[in-house]
Amino acid sequence: MLATVTPINELPELLLPALRETLTMVGVVMVLVVSLGTPLGVLLHNTGPNGLFPRPRVNAPLSWVANLGRSLPFLVLMATIIPFTRLITGTTIGIWAAIVPMTVAGIPFFARIVESALRQVPSEVTDVARASGGSTRQIITHAQLSEALPALVAGVTLNTIAMLEYSAIAGTIGAGGIGFVAITYGYQRFDTNVMLATVLILVVLVQIVQFSGDRIARHLKKG
Amino acid sequence: MISLKELVKTFDRSDSSHRALDGINLEVERGEIAAVVGPSGAGKSTLARCINMLERPTSGRVIVDGTDLTALRERHLRDARRSIGTVFQASSLLSRKTAAQNIALPLDFLEVTKKERDARVAELLERVGLADRGDSYPHELSGGQRQRIGIARALALRPSVLLSDEATSGLDPATTKSVLAMLSELRDDLGLTIILITHEMDVVREVADRAALLEDGRIVEEGLLGDLMRDRNSALGRSLLPHPTAHRAEVGTQVWKVQYVSDHVDPDWISRLSGEIGAPVTLLAAAIETTAGQPVGRATISIPATDADRIDRLLAGYGIYGEIESDSTAALVEPELTGVA
């Protein structure tokens, strides 16, 4: 089979919809991951030995589940939870079907990031908030999450980049997006132009995410 | 007014339980500054955390203005904590909030109106002399300024008791002095009762009315500063006023450490003593200062004599307490020991 190389002027037509799909996937996943992973991370930290309400019996299973979610390679996880994915989305291909395993993989990942960011907040900060008469909710929002914000932003950056990578993996089994184009055109048809273009797009995306994440984190950190 | 009654705190470990506080009793009058001192590991920080209810005592009571804080249920504990303002170690401001926002924290938690909050914060900034630094972030403030903000935050809800948990640790001596002066001023102006948890004797000497010595979870000595210093048997009194470093005495003399807390002692007691025993009395070190309103004298003297009882009687007659620090008069009788002063 001969390689048919897509001419450069036809690349945007092929890649722009794929880019839009990738951004949608990662965007939706990150919204879900942050909104579900944050409370989980807060629970992981605060039921732990140095938390606000240590509960070993809650912490241990929670921690176990978080580890389980992270111990499977993404490709294996994606294949394993196909019945669950079909239950939720009614399909196993396309970007919405990819969003399910990406979210499932992303939540424990982000929960651990939140937990470690909260652990780095000095314990005196929590003491101050408690001694100032804060409720548990107030202590978590005003003291813990607020002080950890720069670390949390760095965590979102890290997680977003990981999700970009996952979206490319999901692409290989028909999820769409840049990864799908890279595999079907670049890899299976030896289309060097598409291959290079997808690599370039992924590199630039990662750089943009990292750069903006660093800028925001630095801005949020006072001194 | 705050009183601690039979306060016990034990920590369970896997194989044993550790008794960090072992029956603490302490009464502090309204408007009094009480210092709790002790070596590290004595239980000072556990005591501080039990007083402001960050830790629940295992047993015993903490009574502030007639309310037993230990009897309160979890949700009322928030109110309990509000009756005690806590000043923490120097760096405990929220780094991402301005000085004003840090002071506002307890008010925000109480959900007071914005107008009320801003007025109180402005008043507090004024109170601690940092009216122009409200918009500064903690890293833009000096250690002393940060601690003033910490004090302002502790005062935000008008507590009757201020608890200072090693608030001056890590500050330089001049800053420590200014922070202590501020605490003392607040006591005078607001009638605050202040409990200082500290390992620094200088801090106690500077501002405390009352001091308690904590060792192994127990208060081993406690009293008003003046009483402690007058008490010749008080280890706490002695450590409050350490003797100045003395010259080495000549061989063949008795070295005495003497002290007095009174303005009735004849300033010329050394020549009187010298005259009575008919031998020269050498002054090796001396210090006179005023502490807790009391003139306090300390001296190290050497006397070429052996009749210790007589010296003791003479000193007591002048109103001075003395004890032998070292005695090398025996060296004259046993020359082979010369030099082992």
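Entry remark, the stretch A:113-166: residues being more than 14 Å from every other protein chain (Cβ to nearest Cβ) and either touching a strand residue (DSSP E or B) at 6+ places or on another chain (Cβ under 9 Å) or open to solvent by 40 Å² or more (accessible area, probe 1.4 Å) (or both) number 7 in total.
Selection over the stretch A:100-158 of residues that are polar (S, T, N, Q), within 26 Å of B:R78 (Cα to Cα) and in a helix (DSSP H, G or I) gives a count of 7.
Looking only at the stretch B:47-56, residues that are open to solvent by 20 Å² or more (accessible area, probe 1.4 Å) and either touching a residue at least 40 places away in the same chain (Cβ under 8 Å) or facing chain A (nearest Cβ under 10 Å) (or both) come to 2 in all. Candidates are the residues of the stretch B:103-128 that are surrounded by fewer than 17 Cβ atoms within 10 Å (Cβ to Cβ) and not in a helix (DSSP H, G or I); the one that is nearest to the other protein chains (Cβ to nearest Cβ) is B:E111.
Apart from one condition, A:A105 fits all of (1) among the small types (G, A, S); (2) more than 30 Å from B:Q89 (Cβ to Cβ); (3) open to solvent by 20 Å² or more (accessible area, probe 1.4 Å); the exception is (3). The single condition from (1) free of Cβ contacts under 8 Å to residues at least 24 places away in the same chain; (2) crowded, with 24+ Cβ neighbours inside 10 Å; (3) under 15 Å from the mean Cα position of the chain (by Cα) that A:V100 fails is (2). Out of the residues in the stretch B:279-298 that are over 17 Å from B:I311 (Cβ atoms) and either in contact with a Cys (Cβ under 8 Å, 6 or more places away or on another chain) or not in a strand (DSSP E or B) (or both), which is modelled with the highest pLDDT? Once the filter is applied, the top-ranked residue is B:G293. Figure legend. Inter-residue proximity from the stretch A:47-63: first residues touching a residue at least 40 places away in the same chain (Cβ under 8 Å), second residues in a loop (DSSP other than H, G, I, E, B) and open to solvent by less than 70 Å² (accessible area, probe 1.4 Å), beta-carbon distance below 8 Å, spacing 6+ or different chains. Indicated pairs: A:G48/A:P54; A:F53/A:T47. Of the listed requirements (1) within 24 Å of B:D79 (Cβ to Cβ); (2) in a strand (DSSP E or B), B:L213 misses just one: (1). When the residues of the stretch B:62-85 are filtered to those that are more than 9 Å from chain A (Cβ to nearest Cβ), among the aliphatic types (A, V, I, L, M) and closer than 19 Å to B:G31 by Cα, the one that is surrounded by the most Cβ atoms within 10 Å (Cβ to Cβ) is B:V62. Checking A:R189 against (1) part of a loop (DSSP other than H, G, I, E, B); (2) open to solvent by less than 60 Å² (accessible area, probe 1.4 Å); (3) not aliphatic (A, V, I, L, M), which single condition isn't satisfied? Of (1) part of a loop (DSSP other than H, G, I, E, B); (2) open to solvent by less than 60 Å² (accessible area, probe 1.4 Å); (3) not aliphatic (A, V, I, L, M), only one is false for A:R189: (2).
Pull up the stretch B:236-278, narrow it to residues that are basic (K, R) and under 21 Å from B:L314 (Cα atoms), then point me to the one that is modelled with the highest pLDDT. Filtering the stretch B:236-278 for residues that are basic (K, R) and under 21 Å from B:L314 (Cα atoms), the one modelled with the highest pLDDT comes out as B:R272. Residue count for the stretch B:129-141 satisfying the condition of being open to solvent by less than 60 Å² (accessible area, probe 1.4 Å), in a loop (DSSP other than H, G, I, E, B) and within 14 Å of another protein chain (Cβ to nearest Cβ): 3.
Among the residues of the stretch B:319-335, is any at pLDDT below 85, outside any strand (DSSP E or B), exposed (fewer than 12 other Cβ atoms within 10 Å of the Cβ) and within 28 Å of the chain's Cα centre (by Cα)? Taking every residue of the stretch B:319-335 in turn, none turns out to be at pLDDT below 85, outside any strand (DSSP E or B), exposed (fewer than 12 other Cβ atoms within 10 Å of the Cβ) and within 28 Å of the chain's Cα centre (by Cα).
Residues checked against (1) open to solvent by less than 20 Å² (accessible area, probe 1.4 Å); (2) over 19 Å from B:I151 (Cα atoms); (3) in a strand (DSSP E or B); (4) touching a residue at least 40 places away in the same chain (Cβ under 8 Å):
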| residue | (1), (2), (3), (4) |
| --- | --- |
| B:V179 | yes, no, no, no |
| B:S184 | no, no, no, yes |
| B:R187 | no, no, no, yes |
| B:I195 | yes, no, yes, yes |
| B:V204 | yes, no, no, yes |
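The values are calculated or read from the model by the stated rules, or taken from the named source; none is laboratory data. The structure displayed is predicted, hence computed values, not measured ones. Counting neighbours? That spans all protein chains shown, and the Cβs are built from the backbone with ideal geometry, glycine included. All accessible areas refer to the heavy atoms of the entire protein, side chains included, with ligands and DNA or RNA removed. Shrake-Rupley method; radii C 1.70, N 1.55, O 1.52, S 1.80 Å.
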